[in-house]
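Taking it in order: structure first as structure tokens, then the write-up.
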Amino acid sequence: MSFVAPINYITADNAEFERTAGGFVSVKFGGEFYPRAEFCRAFPFSAPNEYISVREPDERHREIGIIVNLADLPENIRLMITEQINLRYFTPKITRVYSVKDANGITEFDCETDKGRCKFSMRGGSDAVTRLS
């Protein structure tokens with residue numbers, strides 16, 4: 001007995017994508033209509049445009065299928081999905097660090113980003129941060 005779920009590959013040939021009135025994306029795939037879908041990167045840093053998981057947005061987040069590469073989709077669909085992904089993965093770039101303070105295992109950062117000034121904290125102290133340049 002196998003407990004491995006099959007992977008459903010979603011392509012421009014076997015699925016239809018449409019923008020909803022609320023600005024989300026609906027998907028018609030495998031004879032089913034999903035009035036709203038969410039898009040998650042399987043490899044957000046190493047392959048941000050490949051292996052996009054298309055899921056139902058409910059509490060179970062059941063996977064509808066996988067888009068192997070966004071580049072394989074027509075531009076209008078690719079842009080629609082990329083917009084949804086960018087809403088999920090808000091990743092401002094830090095352009096300046098004003099201060100970094102360690103207190104009780106929490107590191108507090110005060111930074112300037114390409115989206116404006118930002119203060120945030122993280123566990124693990126500054127030992128968990130690697131300077132890239």
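The values are calculated or read from the model by the stated rules, or taken from the named source; none is laboratory data. No experiment lies behind these values; they were computed from the predicted model shown. Here the Cβ positions follow ideal geometry from the backbone for every residue, glycine too, while neighbour counts run over all protein chains shown. These accessible areas exclude ligands, DNA and RNA; they are computed on the full protein's heavy atoms, side chains included. Shrake-Rupley method; radii C 1.70, N 1.55, O 1.52, S 1.80 Å.
Out of the GluC sites (Glu not before Pro) in region 56-103, which ones are loop residues according to DSSP with at most 11 other C-beta atoms within 10 Å?
GLU59
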With all protein chains present, the chain has a carbon and sulfur share of its accessible area (1.4 Å probe) in percent of 51
A student asked for the Cα radius of gyration and Dmax of the chain in angstrom ought to give 19.1, 58
Net charge (Lys, Arg +1; Asp, Glu -1) of residues whose beta-carbon lies under 15 Å from that of GLY30, GLY30 excluded, is -2
Once the in-chain neighbours fewer than 8 apart are removed, the lysines whose Cα is under 28 Å from LYS119 read LYS93, LYS101
Log entry: pair-distance distribution for region 27-91, C-alpha pairs binned every 10 Å from zero, whole % per bin is 21, 58, 20, 1
Residue-ordered couplings for region 9-24, obtained by feeding phi - 60° into the Karplus form 6.51 cos²θ - 1.76 cosθ + 1.60 and rounding to whole Hz (Gly and Pro as x), are 8, 9, 10, 5, 7, 10, 9, 10, 10, 9, 6, 8, 4, x, x, 8
Sorted by chain and number, the residues with a modelled amide H under 5 Å from that of ILE10, at a separation of 5 or more or across chains, are ILE66, ILE67, VAL68
Only helices counted: for the chain, with every DSSP H run of 4 or more residues adding -39500 (n - 2.57) and the sum spread over all residues, [θ] at 222 nm is -3500 deg cm²/dmol
Dividing the mean separation of Cα pairs under 8 Å (6+ apart) by the residue count of region 1-107 yields a relative contact order in percent of 21
Tilt, helix 75-88 to longest principal axis of the chain (alpha-carbon atoms), in degrees rounded to tens, equals 40
By the mean-Cβ-within-10 Å protection proxy, highest first, 12-19, 116-123, 102-109, 34-41 rank as 34-41, 12-19, 102-109, 116-123
Phi angles of region 31-44, converted by Karplus (6.51 cos²θ - 1.76 cosθ + 1.60, θ = phi - 60°) into ³J(HN,Hα) in whole Hz with x for Gly and Pro, give x, 10, 10, 10, x, 8, 10, 10, 10, 10, 7, 6, 10, x
